[in-house]
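Structure first, then comments.
The values are calculated or read from the model by the stated rules, or taken from the named source; none is laboratory data. Not measured: the values here are computed from a predicted model. Every residue, glycine as well, gets a Cβ built from its backbone with ideal geometry; the counts of neighbours run over all protein chains shown.
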């Protein structure tokens, strides 16, 4: 009834407006020269009469027309305070009769279980002690419907009831039927020849409904998510040589019978391009283009990669800005040779418009401090405006992982040569309480951890973790500041305790308590130098009498400083398919303490997609280490102890030198390992189930021991250990699960084999 009455009022008002003011007794001819001596307001109870008069455009003593009356009516309606307005002339008075909108006594939401009241109330314009209008109610319904749709419940329905109370007040009740979660039942691609459907599904964020999506909800249908998927596909193809790629359409259809959406991406891949020539062309006097070539990542003969082009533009812009060319503008121009499928790139350097950044406004951040956002910019207020540096800042803000969305736009400043940079962010939760459970061939392991990636909104990372298993317990507290003292240098502090129980392969119990500090210095976007210092105390107890000479009971203090370099071009840290990771470093013990040594280690991994259409990925890994005593022998417990985690087919602590008398492995001072692996979709199973297979070949060696005084002889076969085998990998609801089946090709007589190795983990 409330809606019907409102519609009737609106209809009457429309008829009055269409019929002019004759309905009030004021004809067009008389209104053209009408004059009143005062304005009388009637019908108002809450709104002051003077407030009503302030919106009336007619001034007593001055002539007015029908147009002035129409505009006055519109102005009063525009306040949102009135549901009805009527203006007429009574004698010498202009009579304004208003009907005030009803006041909301309370807003109630019923029927919602999946989405809490607080989330929905934030969407409403109808609020307690505010006025209620039909437009507000309809808008509130639509906003809630849109929000439910974004949460995968586009089948939700929302209605409202308005109950009138005395004193022109009302209660508003929104009645919600949330319905079932509307998920994606099928995702297909049309027009893809270069890459398989399984590979393309790994690129997009949307997933079809399965038991594995119940936790991550990636199966939720959302138009905004599909738009992001299209952009992800575009960037993927453009980074793999397909410069003409485009998404022709992203269509979807809802099947009411199954309650699922079918999504179809229609693609035009185009041809694969390689770079033919790379040039730099500058119109700015004094720019030496020859010295700029070292800042270019694109090289002739390589496959076209839009990421390399973007990186080159950024590198050139920053280099020229540092050289004093503050208003420089770098633009890439690509010239395609369609016959030979090549593309030449010319980086055009011009003088850009002389525009300055008046100020940077940040909107939407309620937790994250402004300076955390500002420090991702290479420009500040008063600096020359450069779009390339703005795009770089936008990408870096997204990479922080603090925000659901980041948008940077510009608005005109106070002068033609000034702009205002507006940063709009939508924050997301950065805290995570997780329980990790796993099982391996050594037994059950578990971990409880608390992570906060944006501690107190300062962009700092705090982690507290407790891990425990059948033979080891870990306790860790870690704190990292990525911009220590405001500089682009990370600093961290760690404290830990590790308890290793005596086991079949470890003939002693070890309790280690320690801590350390570290610094990280970026050298380039891909290369980083890390410095560290640690102080730890190890207590060895419950040593078996038969191996006491190798692992004597006691307390040992280690004070060590070290460094390492890390270099990474991986396309994805979680599931890499292309790129390289390299880490080399050294630790020096002897800055006080009881032990003195130099430990060196290194690892290199290289990933390459071998068959893009079949999603077959190759991996090669090499690693090695060496520890050398400084003026003394290396204690056995500081040796490297290796097993199936490096060469599959061997048990934990399963290969290397042994105490001949007991057969106990005593580790080694030097080792090397090499692994080659090919991963592929598991045959006969849909890739949506998350199964992949692998075949591998491993090889390596562990050797050299400083035999303690009084210890028996060491059996040390300088024998290369090797194995081959296959693996099953499963991205399951409990995390990545891996089962390795290995056959040992070569080994020493004292080595211990383990043909099956299983591991799994979970975070939830």
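So for region 68-82 (the condition being part of a strand (DSSP E or B), under 30 Å from residue 173 (Cα atoms), in contact (Cβ under 8 Å) with a residue 60 or more places away in the chain and in the same structural domain as residue 34 (by TED's automatic domain parsing)), does at least one residue qualify?
no
Going by what's in this entry, would residue 572 be described as touching a residue at least 40 places away in the same chain (Cβ under 8 Å), outside any strand (DSSP E or B) and more than 30 Å from residue 635 (Cα to Cα)?
The answer is no for residue 572.
Among the candidates 275, 242, 261, single out the residue that is outside any loop (DSSP other than H, G, I, E, B), in contact (Cβ under 8 Å) with a residue 40 or more places away in the chain and within 30 Å of the chain's Cα centre (by Cα).
Just a single option satisfies the conditions, and that option is 261.
In region 712-726, how many residues are in contact (Cβ under 8 Å) with a residue 40 or more places away in the chain, outside any strand (DSSP E or B) and surrounded by fewer than 19 Cβ atoms within 10 Å (Cβ to Cβ)?
The qualifying residues number 2.
For residues in region 525-543 being surrounded by 14 or more Cβ atoms within 10 Å (Cβ to Cβ) and under 16 Å from residue 505 (Cα atoms), which is modelled with the lowest pLDDT?
Here the answer is 543.
Consider residue 373 carefully, then state whether it is under 29 Å from residue 428 (Cα atoms) and either touching a helix residue (DSSP H, G or I) at 6+ places or on another chain (Cβ under 8 Å) or not in a helix (DSSP H, G or I) (or both).
yes
Pairs, please: C-beta under 6 Å, at least 6 apart or cross-chain, first residue without any contact (Cβ under 8 Å) to a residue 12 or more places away in the chain and in region 177-188, second part of a loop (DSSP other than H, G, I, E, B)?
none
Being surrounded by 12 or more Cβ atoms within 10 Å (Cβ to Cβ) and modelled with pLDDT of 85 or more is the filter here, so list the residues in region 24-37 that pass it.
The answer is 35, 36.
Given the conditions (1) under 28 Å from the mean Cα position of the chain (by Cα); (2) farther than 30 Å from residue 273 by Cβ; (3) surrounded by 15 or more Cβ atoms within 10 Å (Cβ to Cβ), which single one is not true for residue 358?
(1)
Exactly one of these conditions fails for residue 520: (1) within 23 Å of the chain's Cα centre (by Cα); (2) over 30 Å from residue 373 (Cα atoms). Give me its number.
All conditions are met except number (2).
Restricting the search to region 579-593, which residues are over 16 Å from residue 626 (Cβ atoms) and crowded, with 16+ Cβ neighbours inside 10 Å?
Matches in region 579-593: 579, 580, 581, 582, 590.
Restrict the check to region 330-353 and report whether at least one residue is in a loop (DSSP other than H, G, I, E, B), surrounded by 18 or more Cβ atoms within 10 Å (Cβ to Cβ), touching a residue at least 40 places away in the same chain (Cβ under 8 Å) and not assigned by TED's automatic domain parsing to the domain that holds residue 194.
No, the conditions are met nowhere in region 330-353.
Looking only at region 544-560, which residues are surrounded by fewer than 17 Cβ atoms within 10 Å (Cβ to Cβ) and part of a strand (DSSP E or B)?
Result: 554, 555, 557.
Restricting attention to region 297-325, which residues are exposed (fewer than 15 other Cβ atoms within 10 Å of the Cβ) and in a loop (DSSP other than H, G, I, E, B)?
Residues satisfying the conditions are 299, 300, 301, 302, 323, 324.
Determine whether region 459-468 contains at least one residue that is in a loop (DSSP other than H, G, I, E, B) and buried (at least 17 other Cβ atoms within 10 Å of the Cβ).
yes
For region 644-703, which positions are surrounded by fewer than 20 Cβ atoms within 10 Å (Cβ to Cβ) and under 15 Å from residue 747 (Cβ atoms)?
Listed by number, the residues that qualify are 651, 663, 697, 699, 703.
On the basis of being over 21 Å from residue 582 (Cβ atoms), in contact with a strand residue (DSSP E or B) (Cβ under 6 Å, 6 or more places away or on another chain) and assigned by TED's automatic domain parsing to the domain that holds residue 727, does residue 615 make the cut?
Against the criterion (over 21 Å from residue 582 (Cβ atoms), in contact with a strand residue (DSSP E or B) (Cβ under 6 Å, 6 or more places away or on another chain) and assigned by TED's automatic domain parsing to the domain that holds residue 727), residue 615 qualifies.
I'm checking my understanding of the structure. Among residues of region 100-113 that are surrounded by 15 or more Cβ atoms within 10 Å (Cβ to Cβ) and in contact (Cβ under 8 Å) with a residue 60 or more places away in the chain, which one is farthest from residue 48 (Cα to Cα)?
Result: 112.
Of all residues in region 363-378 being surrounded by fewer than 18 Cβ atoms within 10 Å (Cβ to Cβ) and touching a strand residue (DSSP E or B) at 6+ places or on another chain (Cβ under 8 Å), which is farthest from residue 421 (Cα to Cα)?
Restricting to residues being surrounded by fewer than 18 Cβ atoms within 10 Å (Cβ to Cβ) and touching a strand residue (DSSP E or B) at 6+ places or on another chain (Cβ under 8 Å), the top hit is 367.
Out of the helices (runs of 4 or more DSSP H) lying entirely within region 149-239, which hold 3 or more residues that are farther than 30 Å from residue 310 by Cα and at pLDDT below 90?
213-216
Restricting to region 297-317, what's the tally of residues that are under 22 Å from residue 392 (Cβ atoms) and in contact with a strand residue (DSSP E or B) (Cβ under 6 Å, 6 or more places away or on another chain)?
Going through region 297-317 one residue at a time, the tally reaches 6.
Can you name every residue in region 283-292 that is at pLDDT below 90, assigned to a helix (DSSP H, G or I) and surrounded by 12 or more Cβ atoms within 10 Å (Cβ to Cβ)?
Once the filter is applied, which keeps residues that are at pLDDT below 90, assigned to a helix (DSSP H, G or I) and surrounded by 12 or more Cβ atoms within 10 Å (Cβ to Cβ), region 283-292 yields only 289.
Is it fair to say residue 84 is closer than 25 Å to residue 135 by Cβ, surrounded by 14 or more Cβ atoms within 10 Å (Cβ to Cβ) and at pLDDT 85 or above?
Criteria met by residue 84.
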